[in-house]
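What follows is one structure encoded as structure tokens, with my remarks underneath.
The values are calculated or read from the model by the stated rules, or taken from the named source; none is laboratory data. Note that the coordinates shown come from a computational prediction; the quantities given were computed from them, not determined experimentally. Cβ placement follows ideal geometry from the backbone for every residue including glycine, while neighbour counts extend to all protein chains displayed. In case anyone asks, the SASA skips ligands and DNA or RNA and just uses the protein heavy atoms, side chains included. Shrake-Rupley method; radii C 1.70, N 1.55, O 1.52, S 1.80 Å.
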Amino acid sequence: MKKIPTGYTLNECPPVGESIPLSLQQIVVLVFNVLPVPLLIGSGVGLSASEITILVAGCLLVTGIATIIQTIGFGPVGARLPIPLECSFVFVAPGIALGAQYGLGVYTGACLVGSIVTVVLWTAFHKQLSNLFKPYITGSVVTALGLSLCGVGIGYCAGGDGSADYGDPINLLLAAGTIIIMLVLNHYGRKNFLSKASPLIAIVIMSCVAAAFGKLDLSGIASEPWLRAPQPLHFGLEFELGPTVTITVLCFFALVELMGDQATAAMLAQNRLANSKETRGGILAQGIGSILSTLFNNVPVISGSANIGLCGVSGVTSRYITAIAGVVVALCGLCPKLCAVFSAIPEPVLGGVALTAFGTILVSGMTVIMSSKLTPRTTTIVGASLAVGIGFSMTANALAAFPFWVSTILSGVPGTAITAVVLSLILREDKEEKAEAANQ
């Protein structure tokens, strides 16, 4: 009996007829993930509408270019895994705080220096740092990321934080309907095209349902221009020691998150951990992408966890599909009207897709943790690091008496990574654990 394919694998490029819809669902999630970053920073520091537009255009252009570099690869640069690179939410709060206090020129300078220093350190000490971040550490980071993102997904399902209809039962029903359609297509689609394109099909159907409830607004498409030229270093470039140190530390732990996402992507695509070549290439791509991003007035880039989770949901782990998404998103940076089409999708509908993808990320992190033998030592490290990172992210006021950078570094993914690394250095491996690690 002929084996039914479960999806397109890492190095398979689907036919054009399937590549378009399969990449569309990646594009939708990628655009929705990156758009809030420049919008939040721009409004947070009081930029005009035209200046925020400059941020948005640069963000989309850089996201697309960095994604192409990461997925296709150029020489030693690029992991060649289905990992998009996008402007990171990690830098939004610091961007607003530092941008308001010092100006965006200083924040841009801090991001540029942080990106350069981080990629140089990782390149120079790649072997030592890779040995430091064991699978249970990167798995803990991915698990913390998945847990934190689930809250973001619920926020989308409720209508989007700050929206007038936040928590409206209709919003939650739209999100639930999206999830149900995806689950039904995945379960009964027999792993054919309906299963692979289940997120896109669910988005189309539930967007039509949302229109019936008056929750689909297409008016913004007509007002957007067809072309817009990017404006590099529009806000200038200045340097201050304090902001530079803060952003450099965050850039460093953004690369730890990338290592976790690379493990997840490799696990989903080929049921294995990322090898040293993929890890090194991915770090170089993220570093180059971050430098490019700062030159276009934006924050450093980070791996797109939601899109990686979408690969797990659809079963399509082809890096070429993700690369096509990068091409289209880059074009969105030059063509605002195209971007407006994706932006019109109701947030509760996208929330249904995102929540499912984030759940996949959470499970992948747990899988990576379980890929190494859990001893009393590693169990303590994993448990304590997750407790610190997730605990402080859920109760941010606990650090209100400390400087801003303390709460930034101890909450969520950075807090989990720092705690796990420090504990792994304090609690040394015994001979049995070293032998186990050598055999993996």
Out of all the residues in the stretch 53-74, is one or more at pLDDT below 80, closer than 18 Å to PRO243 by Cβ and either polar (S, T, N, Q) or assigned to a loop (DSSP other than H, G, I, E, B) (or both)?
no
Within the set of pairs 6 or more residues apart or between chains, which connect a residue that is in contact (Cβ under 8 Å) with a residue 12 or more places away in the chain and on the phi > 0 side of the Ramachandran plot inside the stretch 305-326 to a residue that is basic (Lys, Arg) and open to solvent by 10 Å² or more (accessible area, probe 1.4 Å) with Cβ atoms less than 7 Å apart?
GLY315/LYS191; GLY315/LYS196
All but one of (1) open to solvent by 10 Å² or more (accessible area, probe 1.4 Å); (2) modelled with pLDDT of 85 or more; (3) among the small types (Gly, Ala, Ser) hold for GLY312, so report the exception by its number.
(2)
When ILE54 is evaluated against the numbered criteria (1) surrounded by 20 or more Cβ atoms within 10 Å (Cβ to Cβ); (2) under 15 Å from the mean Cα position of the chain (by Cα), which criterion, by number, is the only one it fails?
(2)
Could you grab me the full set of residues in the stretch 363-407 that are at pLDDT 80 or above, β-branched (Val, Ile, Thr), in a helix (DSSP H, G or I) and out of contact with any Gly (no Cβ under 9 Å at 6 or more places or on another chain)?
THR378, THR379, THR380, ILE381
Residue hits (the stretch 109-160; closer than 16 Å to ILE369 by Cα and either aliphatic (A, V, I, L, M) or in contact with a strand residue (DSSP E or B) (Cβ under 8 Å, 6 or more places away or on another chain) (or both)) are LEU132, ILE137, VAL141, VAL142, ALA144, LEU145, LEU147
When you look at GLY365, is it small (Gly, Ala, Ser), within 22 Å of ALA97 (Cβ to Cβ) and surrounded by 19 or more Cβ atoms within 10 Å (Cβ to Cβ), yes or no?
no
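Quick check on LEU22: is it more than 17 Å from LEU295 (Cβ to Cβ), surrounded by 18 or more Cβ atoms within 10 Å (Cβ to Cβ), at pLDDT 80 or above and touching a Pro at 6+ places or on another chain (Cβ under 7 Å)?
Numbers: more than 17 Å from LEU295 (Cβ to Cβ): yes; surrounded by 18 or more Cβ atoms within 10 Å (Cβ to Cβ): yes; at pLDDT 80 or above: yes; touching a Pro at 6+ places or on another chain (Cβ under 7 Å): yes.
When the stated conditions are applied, LEU22 passes them.
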Note down all Cβ pairs under 6 Å where the first residue falls in the stretch 373-393 and is within 25 Å of SER407 (Cβ to Cβ), the second is open to solvent by less than 30 Å² (accessible area, probe 1.4 Å) and not in a helix (DSSP H, G or I), and they're at least six residues apart or on different chains.
PHE392/SER411; SER393/SER411
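Would you please name the residue that is surrounded by the fewest Cβ atoms within 10 Å (Cβ to Cβ), looking only at residues in the stretch 408-440 that are of a type in the set (Ser, Thr, Tyr) and modelled with pLDDT of 75 or more?
Step one: of the stretch 408-440, the residues of a type in the set (Ser, Thr, Tyr) are 408, 411, 416, 419, 424.
If we keep only those that are modelled with pLDDT of 75 or more as well, we get 411, 416, 419, 424.
Working: SER411: 24, THR416: 35, THR419: 23, SER424: 19.
Filtering the stretch 408-440 for residues that are of a type in the set (Ser, Thr, Tyr) and modelled with pLDDT of 75 or more, the one surrounded by the fewest Cβ atoms within 10 Å (Cβ to Cβ) comes out as SER424.
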Could you pull out the residue among SER207, SER163 that is open to solvent by less than 50 Å² (accessible area, probe 1.4 Å), in a helix (DSSP H, G or I), within 30 Å of THR53 (Cβ to Cβ) and polar (S, T, N, Q)?
SER207
Residue count, the stretch 132-156, condition open to solvent by 10 Å² or more (accessible area, probe 1.4 Å) and under 20 Å from LEU172 (Cα atoms), comes to 8
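Restricting attention to the stretch 221-275, and to residues there that are of a type in the set (D, E, K, R) and within 20 Å of LEU295 (Cβ to Cβ), which single residue is least open to solvent (accessible area, probe 1.4 Å)? Full working, then the answer.
Looking only at the stretch 221-275, we keep the residues that are of a type in the set (D, E, K, R), and these are 224, 228, 238, 240, 257, 261, 272.
Okay, now just the ones that are also within 20 Å of LEU295 (Cβ to Cβ), so 228, 238, 240.
Working: ARG228: 56, GLU238: 102, GLU240: 86 Å².
So, considering only residues that are of a type in the set (D, E, K, R) and within 20 Å of LEU295 (Cβ to Cβ), the one least open to solvent (accessible area, probe 1.4 Å) is ARG228.
Where in the stretch 219-309 are there helices (runs of 4 or more DSSP H), lying fully within it, with 3 or more residues that are more than 25 Å from LYS134 (Cβ to Cβ) and in contact with a helix residue (DSSP H, G or I) (Cβ under 6 Å, 6 or more places away or on another chain)?
On the way: elements: 219-223, 241-270, 276-295.
It comes to 241-270, 276-295.
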Assuming PRO230 fulfils every condition listed in (1) in contact (Cβ under 8 Å) with a residue 60 or more places away in the chain; (2) in contact with a Ser or Thr (Cβ under 9 Å, 6 or more places away or on another chain) apart from one, which condition is it?
(2)
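Each row is one residue, and each column tells you yes or no for (1) under 26 Å from ALA66 (Cα atoms); (2) β-branched (Val, Ile, Thr).
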residue: ARG319; (1), (2): yes, no
residue: GLY333; (1), (2): yes, no
residue: LEU355; (1), (2): yes, no
residue: THR360; (1), (2): yes, yes
residue: THR367; (1), (2): no, yes
residue: PHE392; (1), (2): no, no
Please work out which one of (1) part of a helix (DSSP H, G or I); (2) out of contact with any Asp or Glu (no Cβ under 8 Å at 6 or more places or on another chain); (3) touching a residue at least 60 places away in the same chain (Cβ under 8 Å) is the condition ILE345 fails and give its number.
(1)
Suppose we keep only residues that are more than 14 Å from SER314 (Cβ to Cβ) and at pLDDT below 80 within the stretch 1-12. Which one would you say is least open to solvent (accessible area, probe 1.4 Å)?
ILE4
